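Visitor: Before we start, here is the structure in question, set down as structure tokens.
The values are calculated or read from the model by the stated rules, or taken from the named source; none is laboratory data. For clarity, every value in this text was computed on a predicted model and none was experimentally measured. With ideal geometry, Cβ positions are generated from the backbone for all residues, glycine too; neighbour counts draw on all protein chains shown. Each accessible area value is taken on the protein alone, full model and side chains, heavy atoms only, with ligands, DNA and RNA left out. Shrake-Rupley method; radii C 1.70, N 1.55, O 1.52, S 1.80 Å.
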Amino acid sequence: MKLTDFIEENSTTRAAFARQIGTSRQAVNRYCAGDRFPTKKIMTRIREQTHGHVTADDFMDLPE
């Protein structure tokens, strides 16, 4: 699942999600846009916060 989809489906904001994973809203915006790939530390937090619905693979343009 894409991070953008998770945020929208869980009725939260990018700013609130950023606080939950310990980064800035701007960083989350860049992750959602595909302009930046999360560090290993942040990716671990994203995976944990989304209960495994968003993984590192979801940031790659891999065929489903």
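Visitor: Filter the range 35-64 down to the residues that are over 15 Å from Met1 (Cβ atoms), in a helix (DSSP H, G or I) and not hydroxyl-bearing (Ser, Thr, Tyr) and list them by number.
Guide: Within the range 35-64, Lys40, Lys41, Ile42, Arg45 qualify.
Visitor: Within the group Ile42, Ile46, Ile21, which residue is touching a residue at least 40 places away in the same chain (Cβ under 8 Å) and open to solvent by less than 100 Å² (accessible area, probe 1.4 Å)?
Guide: After applying the criteria, what remains is Ile46.
Visitor: Now, a different point. Against the conditions (1) over 17 Å from Ala56 (Cβ atoms); (2) out of contact with any helix residue (DSSP H, G or I) (no Cβ under 8 Å at 6 or more places or on another chain), where does Thr13 fall short? Just the number, please.
Guide: (2)
Visitor: Considering only the range 1-17, how many residues are open to solvent by 80 Å² or more (accessible area, probe 1.4 Å), in a helix (DSSP H, G or I) and either more than 10 Å from His53 (Cβ to Cβ) or at pLDDT below 95 (or both)?
Guide: Total satisfying the criteria: 2.
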